[in-house]
Amino acid sequence: MPYAYALALLCWVLLWGGLCLILVAPKIRQAPRRAGLAALACALHALALALPSWQLLAVLFGFAPVTTTTSLAHPLNWTGQVAALLVSVLFIYRLRWGRPAVADLHRPQPGSLRATGVVVGLIVLAIFINAYLVRQASIALWWHERLFYTLVLGVEEELFYRGVLLGLLSPVFSRSIRLPGAYTSWGGLVSALLFGLGHIIKITPIHFVISDLLAGGHTANWPRWWLLPFYFPPAELLYPFAMGLFFLWVRERTGSVWVAAGTHCLCNAALVLGRSLA
């Protein structure tokens, strides 16, 4: 259906904007502008990530034939990730929704790298060992896939979740939540939770439900299908949420999103390297 994906994108955008509004609901009356901007940022970020890959766009516009080499179901979406990265840069440096100083886009605090280095090293080592132990069950990656997982994901996700989003919410919520050697706010926990949910909730089930409805299917008679995007074992959320808290701690302890992004890239590199070793 030609309109199915467009409607799925609309639902996808409303979903993430709505989730953000629900999580910041206690402060909507107090700071409606910042709460609204945070929800809009989440919606636009989700829209950018859901953009079709460049391979699919080339096919749709007639620049490439529909063959197995065009990889319509390619596991990587450089288009979406790069677009999401540009959206974050636009928020901070052009629209000034989250100024660089508020988003902690500066050098780390003196002595903070020494304080966090040991913990980061242990976490990276644990990820590497676990990836190495399960390497036989992993799919071999091409060089561009390794580059994607090692560099692109970490920078893009940290710049948005711990940069843009937390930069918008930090002035709204007081830093009263204690972390080892630092403090954070409810906004920090919101960024970690949305980060975790972003690794679990996908647009594909939404697209399936809408396509079925437009095709005259019986999805409407099965209410459980409407909950399909949220149907996942709660345990699957624990790991990405815990990693979101870890990156949040690095950001708050060092006072720099760039350190959190570097830590994220190191963790992803350890994962890729551990799974790549013969």
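A few comments on the model shown:
- What the Cβ-Cβ distance of residue 200 and residue 114 gives, at R0 = 51 Å and to the nearest 0.05, is a FRET efficiency of 0.90.
- The residues 264, 207, when put in order of fewest to most other Cβ atoms within 10 Å, stand as 207, 264.
- Estimated dipole of the stretch 134-215 in Debye, rounded to 20 [Cβ of Lys and Arg +1, of Asp and Glu -1, Cα centre]: 300
- Length released on extending from residue 231 to residue 10, taking residue separation times 0.36 nm less the Cα-Cα span: 77.6 nm
- Ordering 20, 11, 267 from the fewest to the most neighbouring beta carbons within 10 Å gives 11, 267, 20.
- Sorting 156, 236 from the fewest to the most surrounding beta carbons within 10 angstrom yields 236, 156.
- Contact order normalised by residue count of the stretch 88-192, Cα under 8 Å, 6+ apart, percent: 32
Every number in this text was worked out from the coordinates using simple rules, so none of it is lab data. Everything quoted here is computed from the prediction, not taken from an experiment. Methodologically, a virtual Cβ is constructed for each residue, glycine included, from the backbone with ideal geometry; neighbour enumeration extends over all protein chains shown.
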